[in-house]
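The values are calculated or read from the model by the stated rules, or taken from the named source; none is laboratory data. All figures in this text were calculated on a predicted structure; none of them were measured in a lab. Because the Cβ atoms are built from the backbone with ideal geometry, glycine has one as well, and the counts that use them run over all protein chains shown. Just the protein is used for accessible areas: all its heavy atoms, side chains included, with ligands, DNA and RNA removed. Shrake-Rupley method; radii C 1.70, N 1.55, O 1.52, S 1.80 Å.
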Amino acid sequence: MDKTNENFSFKKYAWNQFKKNKIALISLYLLLFLVIIALFAPYIANDRPLYCEYEGNTMYPAFADETRKDSIFDENGEFIQILQYDITDWRQLNLSKVIWAPIPYSPNSMDRYNRDYAAPGGKQRYKSPGGEILDIPNRFRHKLGTDGIGRDLASGLIHGTKISLMVGLVSMGIAALIGIILGALAGFFGDNKLKMTRIKYYFTIIGVVLGIFYGFGFRKYEISNGFNDGFASGMWEILISFVLFLIIIILLRLISRIFGISSFNKEIFVPIDTFVSRGIELLNSIPRLILIITISAVVEPSIWIVMVIIGVTGWTRIARFTRAEFLRIRSLEYVQAAQSLGFSSIRTIFKHALPNALAPVFVSIAFGIASAILIESGLSFLGIGVPDDIVTWGNLLNLGRQNLEAWWLILYPGLAIFFTITIYNMIAEASRDALDPKLKS
Amino acid sequence: MLKYVIKRILTFIPMIIAISLIAFIISINAPGDPVERLTKSAGSEGTADEQSGASKKEKQEIRKKLGLDLPIFYINISNLSVSDTLYKIQDRSHKDNIKKLGHKCGNWNVVSEYYKSILTFERKSKKLIAEEILIQMYPEIDSNQNRKKLLNDINETINQIGFEVGSLCETSEANLIDLKLNKIQSFIDSKSYLTHLKTDFEKTKKLRGDLISEATKWKTYIPTILWYGTKNQYHLWLFGNGKDRKGVIRGDFGISYIDSQPISSKIWDKIGISFGLSIISILLAYLVSIPIGIYSAYKKDSKTDRITSLVLFILYSMPSFFVGTVLLLQFANPDNLSWFPVSGIQDPTIFDPEWGFFKKLSHRIPYLILPIITYTYGSFAFLSRIMRIGMIDIVSQDYIRTARAKGLGEKKVILKHALRNSLLPIITVFAAIFPMAIGGSIIIEMIFSIPGMGLEIFTSILNKDYPMIVTVFTLSGFLTMLGYLIADILYAVVDPRISYK
């Protein structure tokens, strides 16, 4: 092969290396498959039909809004009944044509006739539209069994996929944001590169204090009211507070320019590396599970809060890797060139240096997603932090633990967790080998 | 070397302070009123009246004992509108509400007057006794039925007023306050026996108006720093007061909300089992993983190595709660194989605490096998991988090549020269044992119902026993840091290549 240096790209090389690892490639395809399941979960497992015809009306209930209400008229225009989509038992209607979802149950819908742990292969009952209780037809069989209150396991697993993937994505998204920014600043500036005039330094500190006071202390009732309304509006209030916080700091830094006294204008170093390193050390010295459990015991149970906590406690690894990369990169010629051209530090960091530091960060994010999913399922297994009405793999497994006869509640959710974690770990390991041949072991 | 150790210990101290601060912040932000929890758990019997009368004094005592009548921290950054005496308000929900009112109005004097007037009104309205009113107002009533009806009526009114006034202390929404005030107004206007409350009520209403008219919102924009000195909750929590509270640094972690027992004695009772369990399983894991790691590093890239690596990798991804539950399902289940008991660590019908150590141990072995397997396999996979990587790194070093070059046998090279050095990274992992004894086994102990620390943490979370949770948090943070400290120092002692200048 005749490869010149011009055509050679690191990305291509890494991807070729990655492709050589067959198991990793399969894992990548499996992950894609999981993502598809998660995206289409409401159409794969739903107790509302995908399509049906009822008294001459064509409906697509699975695609409609859950709370939708329809008044049903027959062909002569006479009123029959009001269908409220989420509480109607569609199986009991006389549907002339119908296409059910592949798994005709929603994760939270309780099948009254198959309560008390109906086994996958065992006897299951069914109430026909005529009202008689029969042996279940194959179409409506709970293929993976049910739990104690008649919820379908297969449906729970399908919808649990969404939550698991989301936990990994959201929490590691937060962790990556914090970790990359802090790690980049610490690595790039170190302890003796970020210079500031003394007056600016002190004003920044005052700005941080005032920013916390006005941004968060002063707005604490707005924030807590926001969280009472819902997670999204709470986060919105926090975002507003954060912007306020930043504005106050910038304002004070601007004000500091007024002071022209020479003794104030002596330049001093900001030991940003020490701050970040101590922070990492502190967070590392608290066992993560204990920290997460403690915080989620104090706050209201919510899957979003669990994600945020996992993210906020999980950035240290990413920050460490980013910092190490930046320590290496900052002395390379192209970064020095960028600086001597007079580009601002921010531009040099995020535009020139960061893209070249992302490889090890990517690996630790992938490992981080695996451990985030592990932690979330562990928490919901313990029943801490995750509300009961959300069906996750972890709390399905816990239902199985409480009733060992229901082996299907142990095996299938457990395998689901195990496979997802393995997939992520495989991808992470293979990409580490591909991105950094030195680390290969 | 000594300099390094001293420096290392010096960085240890601010970290401990930081951990204690985080723990304290979590503990004061825990929802609910600790005094309510403690008095409820004491569960004094008697009628509702007796209880509230007796427990008021009791509550005050507990509050004082817990230091809740003190300010929270040495300093407090707040705004001009907040008085430095706010912490003296005892009821937690009242305090939160007064803070909110203060934030809205900004004039502390008016807010506190308003609050006081509500309290006065509440006290007076509580003195109303239906029977006395009945005798005073309707002395001529003789028929029993009428009497009962009137009595009910009056009682109803008194209860209603009590409820409205009580909730008035916990509302800061303007329209809700007005709603409640109007309700009370209508009662006072319509019932003649309430006229003597009128002056107090008028005062409250006037102050309610002042809340709006004399609001000084600008005061809330100005930050102030209040200094309280050492008489604060954090100081008390950390150092004690020299009398009944000894403070965290002397091992006094407060009392549990569940049974009012001291936390430290509860932990002391439970920690032995968890510690024993983690020591046994970590030792087992080391025993298995070191040979495996050496072997697969030695035979690097052979078929055996690749298979063991894959198996270890899969084991590593297996969640412990899944493995534990499957083991339980398979081996401690009458439907499958009933080889091991399902839960606990002893059979209460046979077990005798008088037994000697070995008798106890042999009795407990069948109970401990499954938990130990669950405990061990994860760390075993992890350790083997570390061991293998470390070993591969060492084998490519110069001194190993030298050892080979001078004609040493392969066995001797590996076991004598390489092994000693490859054990170094494993020291760090050993540091993890300390915190594991306290918290790492929550899931395993919960699955197998082993009455150790893990299960204790689990139940205390379910029961929202915050002092326990916070204590575990503090201790495990402290122990992990101690573990790191010891590991670092050991490292420095063992490995002469590392210089800490």
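Across the range A:213-230, which residue is farthest from B:V82 (Cα to Cα) among those that are away from chain B (no Cβ under 13 Å) and loosely packed, with under 15 Cβ neighbours inside 10 Å?
Filtering first and then ranking leaves A:G230.
For the range B:377-388, name all the residues that are of a type outside the set (A, V, I, L, M) and open to solvent by 20 Å² or more (accessible area, probe 1.4 Å).
Answer for the range B:377-388, where residues must be of a type outside the set (A, V, I, L, M) and open to solvent by 20 Å² or more (accessible area, probe 1.4 Å): B:Y377, B:G378, B:S379, B:F380, B:F382, B:R385, B:R388.
Restricting attention to the range A:36-88, which residues are within 18 Å of A:P104 (Cα to Cα) and of a type in the set (S, T, Y)?
A:Y43, A:Y51, A:Y54, A:Y60, A:Y85, A:T88
Which of (1) surrounded by fewer than 17 Cβ atoms within 10 Å (Cβ to Cβ); (2) in contact with a Gly (Cβ under 7 Å, 6 or more places away or on another chain); (3) closer than 21 Å to A:A416 by Cβ does A:L153 not meet, given it meets every other one?
So the condition that A:L153 fails would be (1).
Which numbered condition trips up A:S344, out of (1) modelled with pLDDT of 85 or more; (2) open to solvent by 60 Å² or more (accessible area, probe 1.4 Å)?
So the condition that A:S344 fails would be (1).
Residues that are under 30 Å from B:D465 (Cβ atoms) and under 28 Å from the mean Cα position of the chain (by Cα): find the helices (runs of 4 or more DSSP H) completely inside the range A:189-297 holding 3 or more of those.
Here the list reads A:220-229, A:231-255, A:272-284.
Is it true that some residue in the range A:108-120 is over 30 Å from the mean Cα position of the chain (by Cα), surrounded by 22 or more Cβ atoms within 10 Å (Cβ to Cβ) and among the acidic types (D, E)?
Yes; the residues of the range A:108-120 include at least one that is over 30 Å from the mean Cα position of the chain (by Cα), surrounded by 22 or more Cβ atoms within 10 Å (Cβ to Cβ) and among the acidic types (D, E).
In the range B:349-360, is there at least one residue being at pLDDT 85 or above, part of a helix (DSSP H, G or I) and not hydrophobic (A, V, I, L, M, F, W, C)?
no
On the basis of being crowded, with 22+ Cβ neighbours inside 10 Å, at pLDDT 80 or above and either of a type in the set (S, T, Y) or within 20 Å of A:R288 (Cα to Cα) (or both), does B:S476 make the cut?
Considered against the rule, which asks whether it is crowded, with 22+ Cβ neighbours inside 10 Å, at pLDDT 80 or above and either of a type in the set (S, T, Y) or within 20 Å of A:R288 (Cα to Cα) (or both), B:S476 comes out as yes.
With respect to A:D86, determine if the residue is out of contact with any strand residue (DSSP E or B) (no Cβ under 9 Å at 6 or more places or on another chain), surrounded by 13 or more Cβ atoms within 10 Å (Cβ to Cβ), farther than 27 Å from A:G400 by Cβ and modelled with pLDDT under 80.
yes
Have a look at B:S167, B:S190 and point out the one that is more than 14 Å from every other protein chain (Cβ to nearest Cβ) and free of Cβ contacts under 8 Å to residues at least 12 places away in the same chain.
B:S190
If you check A:I373 against the conditions, is it within 15 Å of the chain's Cα centre (by Cα), more than 12 Å from every other protein chain (Cβ to nearest Cβ) and not hydroxyl-bearing (S, T, Y)?
The answer is no for A:I373.
Name every residue in the range A:401-422 that is closer than 17 Å to A:D116 by Cβ and more than 8 Å from chain B (Cβ to nearest Cβ), in order of residue number.
A:Q402, A:N403, A:A406, A:W408, A:L409
So which of A:V270, A:V299, A:V243 ends up being surrounded by fewer than 22 Cβ atoms within 10 Å (Cβ to Cβ) and either of a type in the set (G, A, S) or within 12 Å of chain B (Cβ to nearest Cβ) (or both)?
On inspection, the qualifying residue turns out to be A:V299.
Please count how many residues of the range B:189-222 are assigned to a helix (DSSP H, G or I), touching a Ser or Thr at 6+ places or on another chain (Cβ under 7 Å) and either of a type outside the set (V, I, T) or over 18 Å from B:S125 (Cβ atoms) (or both).
Number satisfying all stated conditions: 6.
Since B:Y221 meets every condition but one in (1) within 21 Å of B:S83 (Cβ to Cβ); (2) open to solvent by less than 80 Å² (accessible area, probe 1.4 Å); (3) aromatic (F, W, Y), which condition does it not meet?
Only one criterion in (1) within 21 Å of B:S83 (Cβ to Cβ); (2) open to solvent by less than 80 Å² (accessible area, probe 1.4 Å); (3) aromatic (F, W, Y) is unmet by B:Y221, namely (2).
Checking the condition open to solvent by 20 Å² or more (accessible area, probe 1.4 Å) and either more than 21 Å from B:Y115 (Cα to Cα) or hydrophobic (A, V, I, L, M, F, W, C) (or both), which residue from B:E156, B:E202 passes?
Just a single option satisfies the conditions, and that option is B:E156.
I need a count of the residues in the range A:298-341 that are within 24 Å of A:S171 (Cβ to Cβ), in a helix (DSSP H, G or I) and either touching a strand residue (DSSP E or B) at 6+ places or on another chain (Cβ under 7 Å) or at pLDDT 85 or above (or both).
Of the residues in the range A:298-341, 22 are within 24 Å of A:S171 (Cβ to Cβ), in a helix (DSSP H, G or I) and either touching a strand residue (DSSP E or B) at 6+ places or on another chain (Cβ under 7 Å) or at pLDDT 85 or above (or both).
Just the residues that are in a loop (DSSP other than H, G, I, E, B) and among the aromatic types (F, W, Y), please, taken from the range A:21-46.
Correct list: A:F40 only.
Could you identify the single residue in B:I271, B:I255 that is of a type in the set (A, V, I, L, M), modelled with pLDDT under 85 and surrounded by fewer than 17 Cβ atoms within 10 Å (Cβ to Cβ)?
The conditions single out B:I271.
Being more than 21 Å from the chain's Cα centre (by Cα) and farther than 30 Å from B:S309 by Cβ narrows it down to one of A:A406, A:A434, so name that one.
A:A406 is the lone residue from the list that is more than 21 Å from the chain's Cα centre (by Cα) and farther than 30 Å from B:S309 by Cβ.
What are the residues in the range A:376-400 that are within 11 Å of chain B (Cβ to nearest Cβ) and β-branched (V, I, T), if any?
Of everything in the range A:376-400, just one residue is within 11 Å of chain B (Cβ to nearest Cβ) and β-branched (V, I, T), namely A:I384.
Determine which single condition A:W236 fails, assuming it passes every other condition in (1) surrounded by fewer than 16 Cβ atoms within 10 Å (Cβ to Cβ); (2) closer than 24 Å to A:W304 by Cβ; (3) within 14 Å of chain B (Cβ to nearest Cβ).
Just one mismatch for A:W236, condition (3).
Looking at the range B:448-477, which of its residues are assigned to a helix (DSSP H, G or I) and either more than 9 Å from chain A (Cβ to nearest Cβ) or among the acidic types (D, E) (or both)?
B:F448, B:M453, B:G454, B:L455, B:E456, B:T459, B:P467, B:M468, B:T471, B:T474, B:L475 - these are the residues of the range B:448-477 that are assigned to a helix (DSSP H, G or I) and either more than 9 Å from chain A (Cβ to nearest Cβ) or among the acidic types (D, E) (or both).
Out of A:L165, A:L177, A:L210, A:L254, I need the residue that is at pLDDT 85 or above and touching a Pro at 6+ places or on another chain (Cβ under 8 Å). Which one?
Just one listed residue meets the conditions, A:L210.
When residues of the range B:312-366 are filtered for being within 7 Å of another protein chain (Cβ to nearest Cβ), under 34 Å from the mean Cα position of the chain (by Cα) and open to solvent by less than 40 Å² (accessible area, probe 1.4 Å), how many remain?
Residues in the range B:312-366 being within 7 Å of another protein chain (Cβ to nearest Cβ), under 34 Å from the mean Cα position of the chain (by Cα) and open to solvent by less than 40 Å² (accessible area, probe 1.4 Å): 7 in total.
Look at the range B:8-20 and say how many of its residues are touching a residue at least 24 places away in the same chain (Cβ under 8 Å) and either open to solvent by 50 Å² or more (accessible area, probe 1.4 Å) or more than 10 Å from chain A (Cβ to nearest Cβ) (or both).
Final tally of qualifying residues: 3.
In the range A:179-212, which residues are within 14 Å of chain B (Cβ to nearest Cβ) and open to solvent by less than 50 Å² (accessible area, probe 1.4 Å)?
A:G207, A:L210, A:G211
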